[in-house]
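Student: Provided herewith is a single structure, encoded as structure tokens, for subsequent inquiry.
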Amino acid sequence: MKNASSGSTIIVHPGIYSENIEIKRSLSIISKSGSPNDTIIKAENPNYHIFHVNASNVTICGFTITGAFEEPEDYYFPDRGINVSIFNETSGKDEVVHSSDGQWGIVPKNWAGICVDGTDNNNITDNTILGNNRGILIKSSNNNLIENNTAINNDGAISIWYSSDFNSIINNKISFDEITMNKYGISLIESKHNEIHNNNLLNLDIILLQSDDNNVINNTINFGVWGIHLIESTSNNVYCNSISGTNNGIILRKDSNSNTLSDNAVFENSMGIRLESCSNNNTISENILKNDEEIYFSDCSDNNNIYKNKIDYSKYLTRPYVVIMISVSAVIIVYVFILLLRK
């Protein structure tokens, strides 16, 4: 690979390889068989990316990529200490009445199976990404295609971070063996105009943080914690997704404004659609909802437009207060009928 000129295609024969590969020129790296099952790239050093892409117009296709994983680190944050003061009228000064030290926290590692770092127009297709801190990590990179990959048991499967715009994440299969709070399927951070289409997620979620003008369309989420989760994210389109078995089907938090949620099938979740922390001016329309609770607002979430949603009301007929109302109504009807007969 070091001797390959820009624009070359490198064909990799079946086998198991231990590598950490720096790609600094435009190359196509393709398995000869086209099958990830027989062409496997393992991290030689697990504390680094397996493929680190520092050039544009790179293709990586047909590999199993595994082993870029380092355990999270316990770290002491001295600036998380707290001082509480009150004004002493006698002395005329603020006096500290409570003080605490900093706090310990867990810092995850971000070693990736494939890291695309500050480059554009790359294709990552038909790979199996297995057991990494981050499966595919896109940082400050635009117009990349991530398609037809299978991501299994990565702490974060596909990460689109920090001014990574106009990327397409399409037809990927993403799973984790169990549901856990600190894993995710697809995450966007501070990124715009991305297309997230036709992905299938098991036990994982889609999360947008401070990310605007993205399209999240026709994805399937079975089980998870958050479903589709928008935080401080504006003007996104969330259309035609199927979400089931999560705590929240779709949740908008912390000033997630002017988003459109339409034609989604949200069923068998604890909460269907949840808006909180001043999430305003959103449109929620023509969704199919069948959950423990359907639509919930809190914390000054105002001026949202909600219409033409299909809600299954049959579950309310099985609740005790409904049975009591029906019973009381029946008694009243019988009583009125008896009075009429006496006349």
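The values are calculated or read from the model by the stated rules, or taken from the named source; none is laboratory data. Bear in mind that the values here come from a model prediction, so they are computed numbers and not experimental data. Positions of Cβ are generated from backbone atoms using ideal geometry, with glycine treated the same way; all protein chains shown enter the neighbour counts.
Student: Tell me, which strands (runs of 3 or more DSSP E) wholly within segment 15-66 include 1 or more residues that are among the β-branched types (V, I, T) and touching a residue at least 60 places away in the same chain (Cβ under 8 Å)?
Tutor: Filter on segment 15-66 gives 51-53, 59-61, 64-66.
Student: May I pose another question? Looking at (1) at pLDDT below 95; (2) crowded, with 24+ Cβ neighbours inside 10 Å, which one does V216 not meet, given that it meets all the others?
Tutor: (1)
Student: Further question: Search segment 123-156 for residues being within 15 Å of the chain's Cα centre (by Cα) and closer than 9 Å to G113 by Cβ, and hand back the single one that is surrounded by the most Cβ atoms within 10 Å (Cβ to Cβ).
Tutor: Ranking the candidates gives G135 first.
Student: Follow-up. Among the residues of segment 219-235, is there at least one that is buried (at least 24 other Cβ atoms within 10 Å of the Cβ) and farther than 18 Å from I174 by Cβ?
Tutor: yes
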